[in-house]
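Colleague: What follows is a structure written as C-alpha cells; I'll ask about it next.
The values are calculated or read from the model by the stated rules, or taken from the named source; none is laboratory data. Everything numeric in this text was worked out from a predicted model, so none of it was measured. Neighbour counts are summed over all protein chains in view; Cβ atoms, including those assigned to glycine, are modelled from backbone coordinates with ideal geometry. Remember, those area values only see protein heavy atoms, side chains included, never the ligands or the DNA or RNA. Shrake-Rupley method; radii C 1.70, N 1.55, O 1.52, S 1.80 Å.
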Amino acid sequence: METFHIHIKGMVQGVGFRPFVHQLANEMNLCGYISNTKNGVHIEINGDENTAVVFCQNILQYPPENALITGHSISRTITKSYLNFSIIPDFSDEIPDLFLTPDISICEKCKHDLSDRQGKRYRYPFTTCLQCGPRYSILKKLPYDRINTTMSHLNMCTDCLQEYQDIGDRRYYSQTNSCPECAIQMHIYDKTISEIALSQDVMITYISNAILAGKIVSVKGTGGFLLMCDATNKQTISDLRQKKHRPTKPLAVMYPDLTMAEKDVFIYDQEKNILQNKVAPILLCRRKNICLSGLCNEEIAPELDKIGVMLPNNPLLYLFAKECNKPLVTTSGNISGSPILYKDEDALTHLFDIADLILTYDREIVMPQDDSVLQLTETGQKIILRRSRGLAPGYFPHPFSGINERLLAFGGELKGSFAIYQNGNIYISQYLGDQQSLESQIAYKKSMSQLTAMLNIKPDVILADSHPAYHSTSAASVYSVEHDVKNLLKIQHHKAHFSAVLAENSLLHTCEPILGIVWDGTGYGDDHQIWGSEVFLYENGDMKRLAHLKYFNHLMNDKMSREPRLSALSLLKELPSHQHIIESYFNETEWKYYHKVLTGKPETMTSSMGRFLDGVACILGIGSIQTYEGETVMKMESLARQYIPEKETFYNFEIVNDEILYFPFLEACIHDFITSGNVPKICRKVFFSLARLVGQLSDYHSIDRIAFSGGVFQNALLVDIIKKSLNGKKHLYFHVQLSPNDECIGFGQIACYDLQKRRDKVQPLSDIAES
C-alpha cells in the first residue's frame with residue numbers, strides 16, 4: 001500500500017470541493033485527507049497506483065458544479081498509514097496560487113427551503129449551501145474557511161453543526177451555514193437612526209409593507225447596500241430620482257420570477273439562461289409596448305427601449321420580491337457619483353438623505369461590488385457592460401505564457417478596475433467607479449489593498465495609463481514609490497484596448513495581420529492629442545496606428561463629454577452655414593464665448609468617436625446636455641431600433657491616407673434632418689454608416705480579420721449591424737469575458753507587457769509603452 005499526493009489548482013474553494021472529494025473517497029473505500037491551502041487543495045490517499053489514478057481521474061472528470069480546475073499533479077509521497085478519510089485544516093504558508101470564487105446566486109434547492117413551511121429555514125433570509133451564497137464579498141484572507149470570513153464570529157447551533165459534519169448532507173462543510181437558531185441578525189433603522197424593535201420573523205413583512213406603501217428602503221445586499229422601491233409607483237420613483245440626483249439615468253428592476261418579467265419585456269431562451277444562472281446579473285431586455293405588470297416604464301428608463309431586468313440573487317431579496325409580488329426598483333445604494341456603500345455606519349450616515357428605512361445585518365462585507373450588467377444582441381453577441389458581482393475577480397483561461405514577473409496594472413479612469421498577474425493567474429477587480437471622484441478613489445485603493453494583501457503580491461512591475469492627468473496613473477506612481485517598485489510602464493490607452501481584445505481571442509501569437517477598431521470617448525494619444533476612433537494594424541507582434549477620424553477641436557476639455565452641444569459646435573466649425581441648428585442650445589453669452597474659443601488656437605484636438613456621435617445626436621435634437629455617460633447615444637440607438645429599413649442606406653465617410661473625413665457624412669445627415677425630419681431613420685443610417693466604415697477600412701487596408709474594443713461597442717445595434725453586414729466576408733472578434741469599455745484596460749496593459757516580453761526582453765516597447 002503506497003501513499004499518493006494529489007494537488008488540484010483553480011477555483012476549488014467555496015464550491016464544495018472538499019465534501020465532493022470526501023464522498024468520492026468513501027465510495028472508493030480510500031483513506032487519507034483533503035485540505036484547503038493557499039495554492040488550491042491537497043489530497044493524500046493510501047492505495048496502489050491504479051486506484052490513485054482512477055481516483056484522480058474521477059475528480060477531474062466530475063468536479064462540483066461551480067468548480068474550475070486549471071491544473072493538477074499526482075505523485076508518490078512518503079508512505080503513511082491513514083485509518084479513514086478526513087478534511088483537515090491548512091497548516092501551510094505558501095504564496096497564494098488559486099482562483100478566488102465569486103459570490104454565487106441562490107440555488108433552486110435553497111429557494112425551496114425558503115418556501116418549505118415544515119423546514120427549519122422557512123423564510124430564513126440567509127439560507128445558503130455548498131452551491132450558493134456569498135464568497136468573495138466576505139473573504140478576509142485565504143484559504144476559504146469560515147474562520148477567514150466575516151462569519152467567523154457566528155457559532156453554528158447544534159442542528160447546523162450536525163449538517164456541517166454529516167457527509168451525506170448538502171451542507172456538509174458549508175462555510176456559510178446558519179439557520180434561525182443561530183441566525184445572522186437583521187436590524188431596521190428609521191430616519192432618526194433609531195433601531196426599530198421588531199422580532200426577526202416579521203422584518204421581511206415590515207419592509208415589504210413599507211415598499212408597497214410608497215416608501216424608499218435601503219437593504220444590505222451581497223456586495224453592498226441597495227435602494228429599493230415600488231416600480232409601479234410613479235411618485236415614489238420620482239422621489240427616488242430627485243433625492244438621488246439621478247433625473248434620467250435608467251434604473252434596474254427586480255422581478256420575483258420570469259413569468260412576471262415577461263409581462264413587461266421580451267426574454268428569449270439565451271436571455272432566460274443568463275438571468276437564471278449563478279451570476280444572476282442585470283440584463284438589458286427590450287420592453288414591450290404595454291407593460292402588464294403596471295411597471296412605470298418611462299419613469300424607469302426615460303426615452304429608452306430597454307430595461308435592466310434582474311431576478312433575486314440572494315435569499316433576502318428573494319423574500320422581498322415574493323412578498324411584494326411586484327417589480328421593484330433595485331439600484332445601487334450610493335450618493336450620485338460615488339461608489340456603492342457597503343459599511344453599516346456609512347449607510348446610516350449617508351443613505352437617509354434618500355431612504356425612509358434601512359435594513360442591515362450582522363455579516364460584514366469586505367469586498368464591495370455592484371451588480372454585474374450584461375446585454376445580448378439580436379445576433380447572440382454577449383456584451384458585458386459592468387463586470388462585478390458574480391464575475392469578479394477570476395479570469396480563465398488567459399493567453400499569457402511568457403511572463404515570469406508579478407504585475408499590478410492600474411487600468412483606466414472612467415471605469416475603474418485593476419488587474420493582477422501572479423503565478424500564472426490573472427485577477428481582475430470588480431468595477432470600482434469613475435476615478436475622477438474622491439469616493440471612488442478611496443474605494444479603489446481599499447479594494448486594491450484588500451486583494452493584494454489576500455494574494456500576498458509584491459509586484460515587480462507597475463503598469464499604468466499614459467494619460468498624465470488620470471488619477472489611476474498618479475496612483476500608480478505613488479504606489480511604485482511607496483512599495484519600492486522600480487519598474488513603472490505607461491501604456492497608451494487605445495493600444496491597451498486593442499491588446500485586450502487580441503488577448504481575449506488568443507490572437508497575440510498570430511502571424512496574420514489584424515485590423516483593430518478601437519472607438520471610445522477619450523484616451524491620451526502618443527501625439528498628445530485625445531484619441532478615440534483608432535484604427536490599428538497588429539502584425540508579427542507590432543502595433544501601428546493606421547487611421548483615425550479627422551481631428552476636431554477638443555472644446556472645453558472634459559466638459560465636452562458632458563455637453564454634446566460642444567461636440568456639435570466643434571464638428572460644425574467647418575460647416576458654419578449649419579451652426580444655426582444648434583444655436584438654441586446656448587444662451588447669447590455662451591454662444592459668443594464658445595465661438596471665441598473655437599476660433600482661437602486649440603489647446604487640444606480629438607479624434608473621439610464617442611464625441612463625434614454625441615455631436616451628431618445633438619444636431620438631430622436628441623440632447624444637448626447629458627445627465628449620465630452615453631445618454632444621447634443610448635437614446636439614438638433606441639430611436640434607430642424603431643426604424644426597420646427595406647434596404648439599408650448610409651452616409652459616406654472618405655478615407656484619405658491616415659484620416660477618415662466626416663464632412664460628407666455630416667452634410668448628408670444634416671440635409672436629411674432638414675428635409676425629412678425622420679430622426680429614427682437618420683439614426684439607423686448613422687449606425688449603418690459606421691458599420692460600413694468598418695468594411696471600408698478593412699478593404700482599404702486589405703485586412704479581413706478585425707477586432708473591436710472601446711465603449712462605442714457597447715452599442716448592441718451597432719454590433720448587430722456589423723455582424724450582419726460583414727459576417728461571412730470578414731473574421732470578426734469581440735470581447736468575451738470582459739467589457740469593451742475601460743474595465744478591460746488593466747487586462748490590456750498586461751497584454752501589452754506580454755507583447756513587450758515577446759519582442760524585446762530588455763528594452764520597453766517604444767510604440768506601446770514608455771517607462
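Colleague: Restricting to the range 113-139, what's the tally of residues that are on the phi < 0 side of the Ramachandran plot, within 22 Å of the chain's Cα centre (by Cα) and not hydrophobic (A, V, I, L, M, F, W, C)?
Modeller: 4
Colleague: Please specify each residue of the range 105-122 satisfying the condition of being outside any loop (DSSP other than H, G, I, E, B) and either in contact with a Pro (Cβ under 7 Å, 6 or more places away or on another chain) or open to solvent by 50 Å² or more (accessible area, probe 1.4 Å) (or both).
Modeller: Correct list: 108, 109, 110, 112, 114, 115.
Colleague: Still on this model: Just a yes or no: is a residue in the range 406-421 open to solvent by less than 30 Å² (accessible area, probe 1.4 Å), in contact with a helix residue (DSSP H, G or I) (Cβ under 6 Å, 6 or more places away or on another chain), in a loop (DSSP other than H, G, I, E, B) and farther than 22 Å from residue 523 by Cβ?
Modeller: Taking every residue of the range 406-421 in turn, none turns out to be open to solvent by less than 30 Å² (accessible area, probe 1.4 Å), in contact with a helix residue (DSSP H, G or I) (Cβ under 6 Å, 6 or more places away or on another chain), in a loop (DSSP other than H, G, I, E, B) and farther than 22 Å from residue 523 by Cβ.
Colleague: Here is a check on your reading of the model: is residue 258 farther than 27 Å from residue 617 by Cα and in contact (Cβ under 8 Å) with a residue 40 or more places away in the chain?
Modeller: Answer is yes for this residue.
Colleague: Here is a further query. Which of the residues spanning the range 30-53 are open to solvent by 30 Å² or more (accessible area, probe 1.4 Å) and in contact with a strand residue (DSSP E or B) (Cβ under 9 Å, 6 or more places away or on another chain)?
Modeller: Step one: of the range 30-53, the residues open to solvent by 30 Å² or more (accessible area, probe 1.4 Å) are 31, 33, 38, 48-51, 53.
Within the range 30-53, 31, 33, 48, 49, 51, 53 meet the criteria.
Colleague: Could you list, in sequence order, all residues of the range 453-479 that are closer than 22 Å to residue 424 by Cα and out of contact with any Phe, Trp or Tyr (no Cβ under 8 Å at 6 or more places or on another chain)?
Modeller: Within the range 453-479, 453, 454, 456, 457, 458, 459, 460 meet the criteria.
Colleague: Would it be correct to say that residue 206 is in contact with a helix residue (DSSP H, G or I) (Cβ under 9 Å, 6 or more places away or on another chain) and aromatic (Phe, Trp, Tyr)?
Modeller: no
Okay, residues lined up against (1) at pLDDT below 95; (2) in contact with a Lys or Arg (Cβ under 9 Å, 6 or more places away or on another chain); (3) on the phi < 0 side of the Ramachandran plot:
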residue	(1), (2), (3)
724	no, no, yes
728	yes, no, no
732	no, yes, yes
758	yes, no, yes
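Colleague: It is to be established whether one or more residues within the range 329-343 are under 25 Å from residue 103 (Cα atoms), in contact with a Phe, Trp or Tyr (Cβ under 7 Å, 6 or more places away or on another chain) and not aliphatic (A, V, I, L, M).
Modeller: yes
Colleague: May I pose another question? Given the range 297-394, what helices (runs of 4 or more DSSP H) lie entirely inside it while holding 1 or more residues that are within 22 Å of the chain's Cα centre (by Cα) and aliphatic (A, V, I, L, M)? So that I can check it myself, show each step before the final result.
Modeller: Numbers: elements: 297-300, 315-324, 344-350.
Those helices (runs of 4 or more DSSP H) span 297-300, 315-324.
Colleague: Give the residue, chosen from 679, 712, 656, that is on the phi < 0 side of the Ramachandran plot, buried (at least 22 other Cβ atoms within 10 Å of the Cβ) and among the β-branched types (Val, Ile, Thr).
Modeller: Among 679, 712, 656, only 712 is on the phi < 0 side of the Ramachandran plot, buried (at least 22 other Cβ atoms within 10 Å of the Cβ) and among the β-branched types (Val, Ile, Thr).
Colleague: Same structure, new question: Assuming residue 596 fulfils every condition listed in (1) part of a loop (DSSP other than H, G, I, E, B); (2) open to solvent by 20 Å² or more (accessible area, probe 1.4 Å) apart from one, which condition is it?
Modeller: Checking residue 596 against (1) part of a loop (DSSP other than H, G, I, E, B); (2) open to solvent by 20 Å² or more (accessible area, probe 1.4 Å), the one that fails is (1).
Colleague: While we're looking at this one, here's another question. Take the range 684-722 and flag every residue that is charged (D, E, K, R) and either at pLDDT below 95 or part of a strand (DSSP E or B) (or both).
Modeller: 705
Colleague: If you don't mind, another one. Of all residues in the range 80-99, which are modelled with pLDDT of 95 or more and surrounded by 20 or more Cβ atoms within 10 Å (Cβ to Cβ)?
Modeller: 85, the sole residue that qualifies.
Let's see how each residue does on (1) within 19 Å of residue 309 (Cα to Cα); (2) among the hydroxyl-bearing types (Ser, Thr, Tyr); (3) in contact with a Cys (Cβ under 7 Å, 6 or more places away or on another chain):
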residue: 372; (1), (2), (3): yes, yes, no
residue: 389; (1), (2), (3): yes, no, no
residue: 404; (1), (2), (3): no, no, no
residue: 417; (1), (2), (3): no, yes, no
residue: 430; (1), (2), (3): no, no, no
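Colleague: Any idea which of (1) more than 21 Å from residue 552 (Cα to Cα); (2) free of Cβ contacts under 8 Å to residues at least 60 places away in the same chain; (3) open to solvent by 30 Å² or more (accessible area, probe 1.4 Å) is the one residue 636 doesn't satisfy?
Modeller: (3)
Colleague: When the range 1-50 is examined, which residues are found to be of a type in the set (Lys, Arg) and either in a strand (DSSP E or B) or free of Cβ contacts under 8 Å to residues at least 40 places away in the same chain (or both)?
Modeller: Kept after step one, since they are of a type in the set (Lys, Arg), are these residues of the range 1-50: 9, 18, 38.
Scanning the range 1-50 gives a single hit, 9.
For (1) closer than 22 Å to residue 100 by Cβ; (2) of a type outside the set (A, V, I, L, M, F, W, C), each residue gets a yes or a no:
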| position | (1), (2) |
| --- | --- |
| 149 | yes, yes |
| 157 | no, no |
| 161 | no, no |
| 165 | no, yes |
| 170 | no, yes |
| 173 | yes, yes |
| 177 | yes, yes |
| 180 | no, yes |
| 187 | no, yes |
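Listed here are the residues, each with its yes/no results for (1) within 21 Å of the chain's Cα centre (by Cα); (2) open to solvent by 10 Å² or more (accessible area, probe 1.4 Å); (3) under 20 Å from residue 137 (Cα atoms).
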| position | (1), (2), (3) |
| --- | --- |
| 442 | yes, yes, yes |
| 447 | yes, no, yes |
| 450 | yes, yes, yes |
| 458 | no, yes, no |
| 471 | yes, yes, no |
| 512 | no, yes, no |
| 527 | no, yes, no |
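Colleague: Test of understanding: among 192, 158, 176, which residue is touching a strand residue (DSSP E or B) at 6+ places or on another chain (Cβ under 8 Å) and of a type in the set (Val, Ile, Thr)?
Modeller: 176
Colleague: Pick out the one residue from 643, 651, 628 that is assigned to a loop (DSSP other than H, G, I, E, B) and surrounded by 23 or more Cβ atoms within 10 Å (Cβ to Cβ).
Modeller: Answer to the selection: 651.
Colleague: Here is a list: 102, 63, 125. Which entry is open to solvent by 30 Å² or more (accessible area, probe 1.4 Å) and either of a type in the set (Ser, Thr, Tyr) or touching a residue at least 24 places away in the same chain (Cβ under 8 Å) (or both)? Break it down stepwise before answering.
Modeller: Numbers: 102 fails: open to solvent by 30 Å² or more (accessible area, probe 1.4 Å); 125 fails: open to solvent by 30 Å² or more (accessible area, probe 1.4 Å).
That would be 63, the only listed residue that is open to solvent by 30 Å² or more (accessible area, probe 1.4 Å) and either of a type in the set (Ser, Thr, Tyr) or touching a residue at least 24 places away in the same chain (Cβ under 8 Å) (or both).
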